[in-house]
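Notes follow the structure.
A short reminder: the numbers here are calculations on the coordinates, not readings from a lab. Predicted model only: the values in this text are computed from it and were never measured. When we count neighbours, we look across all protein chains shown, and the Cβ atoms used for this are built from the backbone with ideal geometry, even at glycine.
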Amino acid sequence: MLCFNHSSPKSISSTCRRKTPGPVPITEAQLKATFKSFDVNKDGRLSKEELRNAFASLGAYIPRWRASRGLSLADGNGDGYVSDDELDDLVKYAMKYGYTIG
Ligand SMILES: [Ca+2]
Ligand SMILES: [Ca+2]
């Protein structure tokens, strides 16, 4: 299968994307679900500790630091927790670092 069109290199068909073994980039939805799964006390919001565990499971280099940054970025109302409606900002923050699963 010809997967690289030399006349217009940018139009690579999505059907040409092969399933590569190994880690795959995590999607926004998966990331959101992952964060939610770390709400261990099920109060509908993520504490710094829960965030730290989430980032640790995502393979963050310094989970504690990531959690602090993520929290201060996403915590719009400043209560020290990332609630459900603040989660989108956290996901956007985390997406920038290209976490993978697998
Ligand atoms: Ca919680
Ligand atoms: Ca908050």
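Residue 63 falls short on exactly one of the conditions (1) free of Cβ contacts under 8 Å to residues at least 40 places away in the same chain; (2) within 14 Å of ligand 1 (Cβ to nearest atom), and that condition is (2).
Counting only residues that are more than 12 Å from residue 49 (Cα to Cα) and either surrounded by 15 or more Cβ atoms within 10 Å (Cβ to Cβ) or within 14 Å of the chain's Cα centre (by Cα) (or both), the stretch 74-102 holds 20 of them.
For the stretch 36-86, a residue qualifies if it is in a helix (DSSP H, G or I), more than 10 Å from ligand 2 (Cβ to nearest atom) and of a type in the set (A, V, I, L, M, F, W, C), and the qualifying residues are 51, 54, 55, 56, 65, 67, 73. For the stretch 66-78, residues that are within 16 Å of ligand 1 (Cβ to nearest atom) and either in contact with a strand residue (DSSP E or B) (Cβ under 7 Å, 6 or more places away or on another chain) or in contact (Cβ under 8 Å) with a residue 12 or more places away in the chain (or both) total 5. Residues in the stretch 44-60 that are within 14 Å of ligand 1 (Cβ to nearest atom) and within 14 Å of the chain's Cα centre (by Cα): 51, 52, 53, 54.
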